[in-house]
Amino acid sequence: MAGRRYLFTPGPTPVPPQVLAALAEPVIHHRGADFRPVYERCLARLREVCRTDSDVLLFTGSGTAAMESVGVNLCAEGTRAIVVSAGNFGQRWEQIAAVHGAEVEAMRYEWGESPRPDDLAARLAELGGADVVFLTHSETSTGVVADLQPLAAAAKEAGALVAVDAVSSLGAVPLETDAWGLDALVSGSQKALMTPPGLALCAVSPQALAARKPGRSFYLDWERTQKAQAKLDAAFTPATSLIVALDVALGLLLDEGLEAVFERHVRLGRACRAGAKAMGLELFSPDDDRSAVVTAIRSPDGVESGAVVSALRERFGMTIADGQGPLKGKVFRIGHIGWFDVFDITTVLAAVELVLAEFGADIERGTAVTAALEAFEHAAVA
């Protein structure tokens with residue numbers, strides 16, 4: 001299809017035109033006078049979005065690079081790590097911590113479950129504590145957004161550092177790095193921060209920096225990166241054009257106001273879930289307001305979710321996501337983080353309805369768009 005393309009994955013996400021325009025500007029040198037004020041402003045805006053007074057370290061790489069930076073700086077032989085895992089990205093924390101030598105205790109939930117703070121507190125008590133607890137805020141493989149604050153509190157109560165995968169949650173749902181006692185919070189540019197892939201960030205507390213294991217990485221070393229950023233320099237050549245674009249995107253978020261951004265995402269999630277239910281589809285992700293990042297929907301009986309994904313792409317130029325791991329072929333996922341409004345949601349719901357009808361699924365026709373609009377408007381006055 002040569003026409004318009006639509007991106008409804010939980011990442012990458014659509015990029016606003018102002019951000020695309022910034023990417024089209026001539027490339028500037030990372031040690032030039034014209035880059036330094038942009039770099040300074042971008043780092044300050046990242047601290048504001050992360051809601052932290054600590055340093056936010058910026059790397060050229062995907063969100064997994066920021067996760068790896070946590071592993072290499074906080075894990076070594078003898079490090080006791082608990083990973084709370086309820087999906088694909090919780091499993092990624094397990095792999096990263098293990099690769100860097102930690103003794104990993106995995107608290108595994110069924111995919112789609114919400115981790116429980118009492119379980120974590122009990123496990124920490126059984127083990128006599130841990131050095132680091134690894135948490136996933138938004139598990140995009142399932143649509144679950146964990147209740148992060150009490151989970152972090154349970155870890156802090158046991159004296160552990162708290163590392164959080166906020167790759168898809170930062171800038172979409174409430175997240176308080178300092179107030180919630182988070183020691184290493186990682187994210188990436190390509191989700192709710194509305195910038196193309198290529199930048200990874202890690203907000204690091206003084207306690208995490210003090211616990212850093214030196215000499216275990218050259219490129220991802222926190223201390224090297226922090227010292228360079230303190231001089232408005234970069235330890236290595238950064239993705240200058242992406243940083244210029246990210247600065248614009250962060251400005252858009254902050255101009256809208258973070259609380260307004262969070263409310264918009266809540267309303268978009270409500271609209272997507274309402275539209276899916278109106279068709280008679282079963283949600284896989286929880287039907288609550290924390291599910292504001294991605295909506296996971298069970299594919300109807302007899303319809304493989306990968307076929308739905310392919311048909312939407314081929315017929316309408318719309319890209320949604322298939323299930324991952326044990327959910328592959330069973331659920332499809334509609335992302336609504338970043339640069340979205342309610343008419344994007346109604347557009348994809350209408351296309352899903354058409355495709356499922358063509359596959360012979362037993363769905364309710366002509367109701368999804370109205371239900372989505374009503375849910376969105378109701379949320380505005382709730």
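Note on the range 56-141: enclosed helices (runs of 4 or more DSSP H) holding 3 or more residues that are of a type in the set (S, T, N, Q) are 63-74, 88-99. Scanning the range 352-368 for residues that are within 20 Å of ARG267 (Cα to Cα) and either touching a strand residue (DSSP E or B) at 6+ places or on another chain (Cβ under 8 Å) or buried (at least 19 other Cβ atoms within 10 Å of the Cβ) (or both) gives VAL352, ALA368.
Being in contact with a helix residue (DSSP H, G or I) (Cβ under 6 Å, 6 or more places away or on another chain), touching a residue at least 12 places away in the same chain (Cβ under 8 Å), outside any helix (DSSP H, G or I) and of a type outside the set (A, V, I, L, M): is that true of SER291 here? Yes, satisfied. Checked against (1) more than 23 Å from the chain's Cα centre (by Cα); (2) under 16 Å from GLY11 (Cα atoms), ALA296 passes all but a single condition, namely (1).
Restricting attention to the range 218-253 and to residues that are among the small types (Gly, Ala, Ser) and more than 25 Å from the chain's Cα centre (by Cα), the residue that is surrounded by the fewest Cβ atoms within 10 Å (Cβ to Cβ) turns out to be ALA230.
PRO12 satisfies every condition listed in (1) free of Cβ contacts under 8 Å to residues at least 40 places away in the same chain; (2) part of a loop (DSSP other than H, G, I, E, B) except (1).
From the list GLY181, GLY188, GLY198, GLY269, exactly one residue is out of contact with any His (no Cβ under 6 Å at 6 or more places or on another chain), touching a residue at least 24 places away in the same chain (Cβ under 8 Å) and assigned by TED's automatic domain parsing to the domain that holds THR370. Which is it?
When all the criteria are applied, what remains is GLY269.
Among the residues of the range 97-117, those identified as over 30 Å from LEU283 (Cβ atoms), surrounded by 18 or more Cβ atoms within 10 Å (Cβ to Cβ) and of a type in the set (A, V, I, L, M, F, W, C) are ALA97, ALA102, VAL104. Pairing residues of the range 18-42 that are touching a residue at least 12 places away in the same chain (Cβ under 8 Å) and surrounded by 11 or more Cβ atoms within 10 Å (Cβ to Cβ) with residues that are of a type in the set (Phe, Trp, Tyr) and assigned to a loop (DSSP other than H, G, I, E, B), at Cβ distances under 9 Å and at least 6 apart in sequence or on separate chains, gives VAL19/TRP339; ILE28/PHE35. For the range 297-340, the tally of residues that are of a type in the set (D, E, K, R) and out of contact with any helix residue (DSSP H, G or I) (no Cβ under 8 Å at 6 or more places or on another chain) stands at 6.
Restricted to the range 118-164, and to residues there that are at positive phi and in contact (Cβ under 8 Å) with a residue 40 or more places away in the chain, the residue that is surrounded by the fewest Cβ atoms within 10 Å (Cβ to Cβ) is GLY129. Scanning the range 130-141 for residues that are within 14 Å of ARG108 (Cβ to Cβ) and under 12 Å from the mean Cα position of the chain (by Cα) yields THR136, GLU139, SER141. Criterion applied to GLY325, GLY317, GLY306, GLY329 was being of a type in the set (Gly, Ala, Ser), surrounded by fewer than 24 Cβ atoms within 10 Å (Cβ to Cβ) and either over 21 Å from THR140 (Cα atoms) or modelled with pLDDT under 95 (or both), and the one residue passing it is GLY317.
The values are calculated or read from the model by the stated rules, or taken from the named source; none is laboratory data. This one's a predicted model, so the numbers in the text were calculated from it and none came from an experiment. Backbone-built Cβ (ideal geometry, glycine too); neighbour counts: all protein chains shown.
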